[in-house]
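Just below is one structure, and these are the notes that go with it.
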Amino acid sequence: MTKQIVRGVSFGFALFLLAACDSAEERAEQHYQTALEHLENGDVARAAVEFRNVFKLNGMHKEARLAYAKMRHDAGDVSEAYSQYLRLVEQYPDNFEGRRALAQMATLTGDWAEVERHIKAAAEQAPQDPIVRAVLTSIAYRDAIAADEETAIQAAAEQGAVLTTEAPELVIPHFVVVNEWIRQEKWPAALEALNAAISVSPETRGFYNLRLGVLNKLDKTNYIGAALEEMVRRFPKDETIQESLIDWYISRNDLDATEEFLRQRIDPAEEDPQNRMALLRFLATIEGPEATISEVDKMLTEDLARRPLYQALRAGQLFQAGDRETAISDLRSVVSSSEPSADLNDAKMVLVHMLIETGNQADARIYIEEVLAGDSSHAGAAKAKAAWLIEEDHTGEAIVLLRGTLRDNPRDPGLLTLLARAHERDGNRGLMADMLLLAVEASGSAPAEALNYAEFLADEGQYNHAASVLIEALDRQPNNTQLLMLLGQAQIHQKNWRQAQVAIDRLQALNETAQQQARVLTANLIAAQGREDDLLVYLEDMTAGNSGPDYMAEIGTVRTHVRNGELNAALAYLEQALELSPTDFLLRFLQASILAGMGKKNQAVAAYQELLDENPQSERTWMALYVLLAGTDTEQANRVLDQALSVFPDSADLNWFQASALEAQGDIEGAIDVYQALYKANSSSTLVANNLASLLVTGRDDAESLDQAYRIARRLRNSPVPHFSDTYGWIAYRRGEYEVAVKHLEFAARQLPKEPTVLYHLGATYAVLNRNIEARATLEKVADLEIPEDLAQKVKETIADLLTQVEGDN
């Protein structure tokens, strides 16, 4: 009887659960139908509430998930839409609509791994679907470009053109067609295709950016202003577009139009400060602090929301005008009397920059920590703190801080650039490259970010990639001399003579400073082509054509003679030039340098000393005289160095010489002290970091110094510079990380096979790893070289230990 009761209760409970389940699904369906009604009436907010009710009751409701995802996508919330579609296909892997939507969105963001994952499932179900065909065409075009297969490129482009006719509402085929016209440099066709694309998809920002570049290529500068004005209307919250339009007005010297445009955008009733701030930035740039302060004061008489922002800007202008104490005092008062808010945090950061510039680091850090305590994702405060953490080699903390802040500010170029610096300091150049690339993309190829990344690529020998980055940035700022100069250098490295000449011509068409850079590039181009005779004629012609000395030409001519081993010719050329300008300081300095190179020491010393008697503020002359004496007369060289340091006590180069001299004299602690000061002044110098870390690990035995050496030297990991690899390898050895050490030391020894210290470090590491045969062979190479007595003793002792170990094993 009892068992029957139990069975009855269990069966009844199961029926209850089943009924409850049916009830939940029914209620979920009711909420879904209500959501559809709200959608039909255009009430998205109430529809969203109903969709959430559906998912609480039935998380597997396929139709509701699909409708909600589409609703979020139509509302412009692409991230949430993607998340919802992704959940849908996780629950229903064969859902065609979900797979197709994910493939389409991933194509537009360039996430090709996701594209291929989802399009495969969609294509299996409906290969002729227009969206599926569009995505497949985009993949085919991308792959053909990567493989440089012209036939395949044309086939994909033609398919893209077909789709723009069959399904003109789709964005992806328009991108294929536009990119193909741009690739072929058929600018009129590209412009026509872009206008068609914009008419179909006016919300797609990428088309507008491409159109600006094409208009520039067509030299239709009069149309660029109208195009930018259209973008401002279409994307009113995008400050970068406003800035580009303002730059365009200013480039045409139409300042009245700029000011009128900015004033028209201000609505007296609006709380958003963006438009007012744009006007104030313009006034600050064009008319200066006084006009800006006057305008701010007018604004502050109004019933103005977010007052701390304007008060901070006013203080900033006062600071720039030179009244620093008043500016800091005023802003401290604002900060202390205002209620906590996001604007107050921004005002504190303005105060931080003032305090840093006036040397008050302690108070600046207090305010930074206050901002981060109230808003841990504040980008400005995170940047400031990360910068000091990086400078102090706390790279791990900096990376954690920056990554956390990026979660809320994923498109901030400054955060990405700092994260690149942190990874560089941590010795991870791969992640550094990734962050620099992301910074370029986030900034829209802004000049500063493009230069950072291009310089990194050039250092890596990737000149073609560097040139591509610079060309894209020049579409945004076509007259940027830094971009043009680096582009010219990259083209010369690739032997792209015609393209290098294009960069030279563009520089030549700009201002006088750019023209000087064009001359430098021209000389580099001629030299790279091996036309030494032409280079000499070019430089001498430049000099002859100037009434005053052209320093670049003078130096270039002398360098050419020196490179050819023609020191007498170089000296004769300088003597001839000095007849025309007998008191010219640079020509006489070059003459002294040539005399030193010819071994005429006394004449060179006298010439340098005469220059210093006339101008003791020439640091370069002090350095040249010291270097000349250091090789032959240490005592006199040290006296000169002391004199130079009395004139330039903070000179990095002269202090470097002093540290080297102290090390050579055996005063390791003195050298460490100098390097510590140099490192504190500029911790970004890799050379200073290497030398300081090397001395700390070889000259001291305490754990604190070893830890400091490791923190400093992390940036040297996997360095292509063998001396840096030796430093890092030996630090790893001292830390007991022998496998890490041997990898770096083997690389250093391959590059420096005659360097005794490097070989000793490798031999000692082999020994501790019980690689005794390699250890003995390496150490015997050291013994065969001319080495200091202390190193010879270490080598003997290590070899003896090896022999003892072998005998013990036997």
### Calculated from backbone phi, Karplus (6.51, -1.76, 1.60) coupling profile of segment 432-444 in Hz, x at Gly/Pro
4, 4, 4, 5, 4, 5, 4, 5, 4, 5, 5, 7, x
### Query
Quick one: how many Å² of Thr513 are accessible to a 1.4 Å probe, rounded to 10?
90 Å²
### Task
Pop out the ³J(HN,Hα) list for segment 223-239 in order, Karplus 6.51 cos²θ - 1.76 cosθ + 1.60 with θ = phi - 60°, rounded to Hz; leave Gly and Pro as x.
8, 5, x, 5, 5, 5, 4, 4, 5, 4, 5, 6, 10, x, 8, 8, 5
### Task
Subtract the Cα-Cα distance of Ala126 and Leu752 from 0.36 nm times their separation in residues, and report this length gain in nm to one decimal.
219.2 nm
### Query
Can you give me the Cα centroid spacing of segment 442-485 and segment 163-189 in angstrom?
26 Å
### Message
Taking the full set of protein chains and a 1.4 angstrom probe, give the accessible area of Glu391 in square angstrom, rounded to the nearest 10.
### Response
70 Å²
### Task
Place +1 on the Cβ of every Lys and Arg and -1 on the Cβ of every Asp and Glu in the chain, take the dipole about the Cα centre, and give the residue among Tyr608, Tyr626, Ile250 whose Cα lies farthest towards its positive end.
Ile250
### Query
How would Leu802, Leu218 rank on accessible area, largest to smallest, probe 1.4 Å?
Leu218, Leu802
### Task
In Å and from the alpha-carbon atoms only, list the Rg and Dmax of segment 166-206.
9.6, 26
### Message
Quick check on segment 401-467: take the gyration tensor over C-alpha atoms, sort the square-rooted eigenvalues as a ≥ b ≥ c, and tell me if it's rounded (a/c under 1.5), prolate or oblate.
### Response
oblate
### Query
For the chain, which whole-number percentage of the solvent-accessible area (1.4 Å probe, protein heavy atoms only) is attributable to carbon and sulfur atoms?
50 percent
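If you build the convex hull over the alpha carbons only and average its shadow over all orientations, what do you get for segment 442-518? Give it in nm² to one decimal.
4.5 nm²
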### Task
Could you tell me which of rounded, prolate or oblate describes segment 155-244, using a ≥ b ≥ c as the square roots of the eigenvalues of the alpha-carbon gyration tensor, with rounded for a/c under 1.5 and, failing that, prolate when a/b is larger than b/c and oblate otherwise?
oblate
### Message
Just to confirm, what accessible area per residue do you get for segment 617-733 at 1.4 Å probe, in whole Å²?
### Response
46 Å²
### Task
Send over the Kirkwood Rh of segment 37-169, from the inverse of the averaged 1/r over different Cα pairs, rounded to one decimal Å.
16.1 Å
### Query
Which of the listed residues, Ser338, Gln361, Ala398, is farthest toward the dipole's positive end in segment 316-442, when Lys, Arg count +1 and Asp, Glu count -1 at the beta-carbon?
Ala398
## Note on the structure
Taking segment 663-810, the equivalent ellipsoid from its C-alpha gyration tensor has semi-axes in Å, biggest first, of 28, 16, 14
### Task
Based solely on C-alpha atoms, express the radius of gyration and the Dmax of the chain in angstrom.
34.3, 128
### Message
Which three numbers, in whole Å and largest first, are the semi-axes of the equivalent ellipsoid of segment 752-810 derived from its Cα gyration tensor as √(5λ)?
### Response
20, 12, 8
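Could you give the size of the charge dipole of the chain about its Cα centre, using +1 on the Cβ of each K and R and -1 on the Cβ of each D and E, expressed in debye and rounded to the nearest 20? Let's see the in-between values first.
Details: 76 positive and 124 negative charges, 372 e Å.
It works out to roughly 1780 debye.
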### Query
Per residue, how much accessible area does segment 150-206 show when a 1.4 Å probe rolls over the protein heavy atoms, in square angstrom?
47 Å²
### Summary
The relative contact order of the chain, taking Cα pairs under 8 Å that sit 6 or more residues apart, comes to a percentage of 3 percent
### Calculated [θ] (222 nm, deg cm²/dmol) that DSSP helices of n ≥ 4 give over the chain, each run adding -39,500 (n - 2.57)
-26000 deg cm²/dmol
## Note on the structure
For segment 186-196, in residue order, the Karplus 3J(HN,Hα) values (coefficients 6.51, -1.76, 1.60; θ = phi - 60°; whole Hz; Gly and Pro = x) are 9, 5, x, 5, 5, 5, 4, 5, 5, 4, 5
### Query
Looking at segment 309-456, what % of the alpha carbon pairs are farther apart than 29 Å?
23 percent
### Query
Using the alpha-carbon atoms, what tilt in degrees (0 to 90, nearest 10) does helix 619-630 show relative to the longest principal axis of the chain?
50 degrees
### Query
Magnitude of the Cβ-charge dipole of segment 324-443, K/R +1 and D/E -1, about the Cα centre, nearest 20 debye?
220 debye
## Note on the structure
About its Cα centre, segment 402-491 carries a charge dipole, from +1 on Lys and Arg Cβ atoms and -1 on Asp and Glu Cβ atoms, whose size in debye to the nearest 20 is 160 debye
### Task
Using only the alpha carbons, work out the radius of gyration and Dmax of segment 245-379 in angstrom.
15.7, 46
### Message
If I ignore ligands, DNA and RNA and count only protein heavy atoms, how much of Arg421 is accessible to a 1.4 Å probe, in Å² to the nearest 10?
### Response
90 Å²
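The values are calculated or read from the model by the stated rules, or taken from the named source; none is laboratory data. Every value quoted in this text rests on a predicted model; they were computed, and no experiment measured them. Cβ atoms come from the backbone with ideal geometry, glycine included; neighbour counts cover every protein chain shown. What goes into the accessible areas is simple: the full protein's heavy atoms, side chains included, and nothing from ligands, DNA or RNA. Shrake-Rupley method; radii C 1.70, N 1.55, O 1.52, S 1.80 Å.
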